[in-house]
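Below: one structure, written as structure tokens.
The values are calculated or read from the model by the stated rules, or taken from the named source; none is laboratory data. Nothing here was measured: the structure is a model prediction, and the numbers come from that model. All Cβ positions, glycine included, derive from the backbone under ideal geometry; neighbour counts span all protein chains shown. Each accessible area value is taken on the protein alone, full model and side chains, heavy atoms only, with ligands, DNA and RNA left out. Shrake-Rupley method; radii C 1.70, N 1.55, O 1.52, S 1.80 Å.
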Amino acid sequence: MQLIGISLAVVYYYEYSKRSFAEVDSGVGDDNLDDNKNNLTMSEMSKLLNQSISRLDTVEQQLSTMQNEMSKLKESNLHLTKKNKTLEEKLYSQSMSINALGDSVEWKYSAPTPSLSYWQQLGFDEEYVENLNEYFIGHIECVTRRIRRGQCIDNIDIDIGNCESSELTVIDDDNLVLHWKELSDALSKDRSYNAEVSMTINHVQIRSEALDMLKQGLKYKQMYRLNLHGIQWQNNGEGVDFAVDKLQTKKIHEFGWAYSGTLTVSESTRLFQAVLYHPNLTNITLDDYIGMENGYDNLISLLTTKSKVSLPYYGSNNVRSEGDTRLSNFIATNPTTLRFLGLYDNELEDDDALMIATALRHNTNLSRIDLGSNNFTEHGLSAIRRSIYDLTSLNALSDCNHTCECNVIDFGEMKINWGSNQKDSRSKKLYTLLSDRNRAGTNIDSIQKGMEEDEVIQLLSDILACVQRYYRGYDRLFPTPQEFVPPLSIMFEMLRKLPEVHER
């Protein structure tokens, strides 16, 4: 802007000079010439320049003020647009609810509930019928009524089957297909604005006809959770097609496939690829899904490719490392998102246990690892135990993993790395070791190992401070612990032993 002002002033000066010299050429007298010279002094030119610049600065400030006001108006308009959209969504949902309420006056749940005698004639006992009526028919009817009444505006939660008992699978029957139809019709007629669907099906036999109905009902729904556990498909390929299709939903963040039919290599590969390359999955269960001899490579791909995954369950997949270190190396990198790792019922051996034990000492983010039902002997189990609770010395115990629970290690009544942060868990372990040594009267003897005679006395104040600090962490976890040893007892034992140490 200043350059523009200077340019204008120069132009003004040029035009003014032309006019002055023109007057000279036309015969203007000397007196007028002197006046023109006075008009062209540098001081006046400087004044003209300053005035031009000042006026331009004023214009620039006005423009800046106008731009700021325009930006505020744009932000206000954007806010109002978002608010209007939210109101439209609420209005739409409310209108759909009102319509659903109107429809529900005429609608009735028409699928019949077969009698006990009907199932007994087919060879089923009373326990099966109770399971069927409560977990299958009862659950489908409940969610269907909620959808029909417009009560599922933002979230449609469908939970079918008994997740607690794998021995009571609901067997397919013509009467049960009618219940699938009721649910499918309700989903198809539901017009909830942006409603997201969570679906879990446990231990249910699904025929192709019922699956087609379910597909139609979910055709335009956004899935954010899908768990298929213990499903007996009429055709395994159809089950995989259904799962892969639902995994096209970008919003889905949890998916589970467990013990739902023996898949071929092609089927298991299609399912795995759909999971592996989904951008938003964080909770993944792939139990007993593979159609190949060893699932180790797929496990490594899952862990290393999906950086967002926090809860991968990968059991019963014939995982064998055969000396490969990629699994333990990954655990040792201490990935920030990984919270749980399920490797139960696989083919891991003692060498794997040793490598995992070493890796756990470098991991502070993993809160639980499930290694049950693998091929570990006491040699491998003891290595894992020492990585979590090494009683060799206070230093060894301090360097253990203080965050990860491991189900293959039995610590009796002690809850090691359970329900506490790293600092409190470490304090609990150290104070427990000090308490055990106090009962045996060996705290000073144990601490003195590897030290010079005077070092224990020199470090006494620090040792006593640590006892108190560990106790505070221990006390936060167990206000009234069993076999409680007060910190004063430990301190008194140490002080009483000092003369003996000094005389040695």
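Being basic (Lys, Arg) and within 14 Å of residue 285 (Cα to Cα) is the filter here, so list the residues in region 214-265 that pass it.
Hit for region 214-265 is 225, nothing else.
Can you pull out the residues in region 333-351 that are under 24 Å from residue 378 (Cβ atoms) and not in a loop (DSSP other than H, G, I, E, B)? Break it down into steps so the answer makes sense when it comes.
Initial filter on region 333-351 (under 24 Å from residue 378 (Cβ atoms)): 341-351.
If the condition is that a residue be under 24 Å from residue 378 (Cβ atoms) and not in a loop (DSSP other than H, G, I, E, B), then 341, 342, 350, 351 are the ones that fit.
Determine, yes or no, whether residue 115 is surrounded by fewer than 21 Cβ atoms within 10 Å (Cβ to Cβ) and within 23 Å of residue 259 (Cβ to Cβ).
For residue 115, the condition - surrounded by fewer than 21 Cβ atoms within 10 Å (Cβ to Cβ) and within 23 Å of residue 259 (Cβ to Cβ) - is not met.
Rundown of residues vs (1) touching a Ser or Thr at 6+ places or on another chain (Cβ under 7 Å); (2) of a type in the set (Asp, Glu); (3) more than 26 Å from residue 293 (Cα to Cα), yes/no style:
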| site | (1), (2), (3) |
| --- | --- |
| 314 | no, no, no |
| 317 | no, no, no |
| 338 | yes, no, yes |
| 349 | no, yes, no |
| 355 | yes, no, no |
| 363 | no, no, yes |
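Considering only residues of region 140-186 that are among the hydroxyl-bearing types (Ser, Thr, Tyr) and out of contact with any Gly (no Cβ under 7 Å at 6 or more places or on another chain), which is modelled with the lowest pLDDT?
It comes out as 165.
Considering each residue of region 43-71, count those that are open to solvent by less than 60 Å² (accessible area, probe 1.4 Å) and more than 49 Å from the chain's Cα centre (by Cα), and give that number.
Going through region 43-71 one residue at a time, the tally reaches 8.
Out of region 345-395, which residues are surrounded by 17 or more Cβ atoms within 10 Å (Cβ to Cβ) and at positive phi?
345
Of all the residues that make up region 382-396, how many are within 21 Å of residue 463 (Cα to Cα) and assigned to a helix (DSSP H, G or I)?
Residues meeting the conditions: 3.
Quick one: residue 197 ticks every box in (1) assigned to a helix (DSSP H, G or I); (2) in contact (Cβ under 8 Å) with a residue 24 or more places away in the chain except a single one, so which number is it?
Going through the list (1) assigned to a helix (DSSP H, G or I); (2) in contact (Cβ under 8 Å) with a residue 24 or more places away in the chain, residue 197 breaks only (1).
Just one of the numbered conditions (1) open to solvent by 10 Å² or more (accessible area, probe 1.4 Å); (2) under 24 Å from residue 376 (Cβ atoms) is not true of residue 283; which one?
(2)
Working only within region 165-197, note down all residues that are polar (S, T, N, Q) and open to solvent by less than 70 Å² (accessible area, probe 1.4 Å).
Within region 165-197, 165, 169, 175, 184, 188, 192 meet the criteria.
Of the residues that make up region 446-464, is at least one within 30 Å of residue 285 (Cβ to Cβ), acidic (Asp, Glu) and not in a helix (DSSP H, G or I)?
No, region 446-464 contains no residue that is within 30 Å of residue 285 (Cβ to Cβ), acidic (Asp, Glu) and not in a helix (DSSP H, G or I).
Please find, within region 172-194, the residue that is nearest to the chain's Cα centre (by Cα) out of those that are in contact (Cβ under 8 Å) with a residue 60 or more places away in the chain and more than 21 Å from residue 250 (Cβ to Cβ).
Of everything passing the filter in region 172-194, 191 is nearest to the chain's Cα centre (by Cα).
Just the residues that are outside any strand (DSSP E or B) and either more than 25 Å from residue 268 (Cα to Cα) or basic (Lys, Arg) (or both), please, taken from region 200-236. Walk me through how you get there before you give the answer.
Keep residues of region 200-236 that are outside any strand (DSSP E or B), which gives 203, 207-221, 230-231, 234-236.
Matches in region 200-236: 207, 215, 217, 219, 220, 221.
Please find, among 134, 106, the residue that is out of contact with any His (no Cβ under 9 Å at 6 or more places or on another chain) and modelled with pLDDT of 90 or more.
So the residue among 134, 106 that is out of contact with any His (no Cβ under 9 Å at 6 or more places or on another chain) and modelled with pLDDT of 90 or more is 134.
Just need a number here: residues in region 396-426 that are open to solvent by 30 Å² or more (accessible area, probe 1.4 Å) and either farther than 19 Å from residue 471 by Cβ or touching an Asp or Glu at 6+ places or on another chain (Cβ under 6 Å) (or both).
So the answer is 9.
For residue 162, indicate whether it is in contact with a helix residue (DSSP H, G or I) (Cβ under 8 Å, 6 or more places away or on another chain), among the polar types (S, T, N, Q), within 19 Å of residue 113 (Cβ to Cβ) and open to solvent by 10 Å² or more (accessible area, probe 1.4 Å).
It is true that residue 162 is in contact with a helix residue (DSSP H, G or I) (Cβ under 8 Å, 6 or more places away or on another chain), among the polar types (S, T, N, Q), within 19 Å of residue 113 (Cβ to Cβ) and open to solvent by 10 Å² or more (accessible area, probe 1.4 Å).
Checking the condition buried (at least 17 other Cβ atoms within 10 Å of the Cβ) and assigned to a strand (DSSP E or B), which residue from 261, 256, 239 passes?
256
Is there any pair with a first residue in region 43-60 that is in contact (Cβ under 8 Å) with a residue 60 or more places away in the chain and a second that is open to solvent by 50 Å² or more (accessible area, probe 1.4 Å) whose Cβ atoms are under 6 Å apart and which are 6 or more apart or on different chains, and what are they?
Taking only residues 6 or more apart or on different chains, not a single pair turns up.
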